[in-house]
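First up is the structure itself, then whatever we jot down about it.
Bear in mind that the values in this text are calculations on the coordinates, not laboratory data. Because the structure is predicted, anything quoted here is derived from the model rather than measured. Don't worry about glycine lacking a Cβ; one is built from the backbone with ideal geometry, like all the others, and counts go over all protein chains shown.
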Amino acid sequence: MKKTKEEKVEKTTEVIDEGCAGSCETCGGCGSIDPETLIQILGSRNQELEDKYMRLQAEYLNFKTRTQGEVSRMLQYEGEGFIKEILGVKDNFERAIMMDDNDLSDEVSKFLSGFKMILGSLTALLDKYEVKEIDCLGKEFDPNLEEAVLTEHDETKPENVVIEVLTKGYTYKDKVIRHAMVKVNK
């Protein structure tokens, strides 16, 4: 039974991949393979390996780019958790200095002025690390920056405008890390 050229190519490819034992039909047991068939086989095998190499290289470059992007994003916002916790401390200092220091004894006023200095230092530190307060009082309500927790109707002010900030909101670099809790005019 005579084999077709495709069958010979397939069998020869197997022989090349697995090694010839010297007794196969392809080489006739003497190791001789038709040179034309061998060139065709080696050419197709070479093309397969080149394609595989190109795919692997593309996968590696995609992986490398994706990994670099993830690391960059992680490093960009690395202190976010710590900053969120510090904002609570800042809120407490702001509440403490909102006390009316005109009616306080000298000793309490000294504590209050110390709180003001600490708050100033804390605010400067947050500014240094690009933590900015969201300025929204008197501006149109933006759900991307604020959370409306109360509404009120005041005819002297335009609709959908923030009329009171209950809790300040903050951005860290270009990301909102705490939405402002506001009262909106409806």
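A few comments on the model shown:
- Above-threshold pairs, the threshold being 18 Å between Cα atoms, out of LYS116/LYS139; LYS84/LYS110; LYS90/LYS128; LYS84/LYS175; LYS84/LYS132: LYS116/LYS139; LYS84/LYS110
- √(5λ) per eigenvalue of the Cα gyration tensor, the stretch 133-186, largest first, Å: 21, 9, 8
- Count Lys and Arg as plus one, Asp and Glu as minus one, and take only other residues whose Cβ is under 9 Å from that of LYS168; the net charge is then -1.
- Each of ILE33, ILE177 was scored by other Cβ atoms within 10 Å of its Cβ. Arranged with the fewest first, they read ILE177, ILE33.
- Zone of ILE118's modelled label, taken as backbone nitrogen in the stretch 75-89 under 17 Å from a point 7 Å along Cα→Cβ: 85-89
- The distance from the alpha carbon centre of the stretch 132-186 to that of the stretch 39-84 is 43 Å, rounded to a whole number.
- Packing rank of 131-142, 64-75, where each peptide gets the mean count of other beta carbons within 10 Å, highest leading: 131-142, 64-75
- Spin-label model, TYR60/GLU152: points 7 Å from Cα along the beta carbon direction are separated by 6.5 nm.
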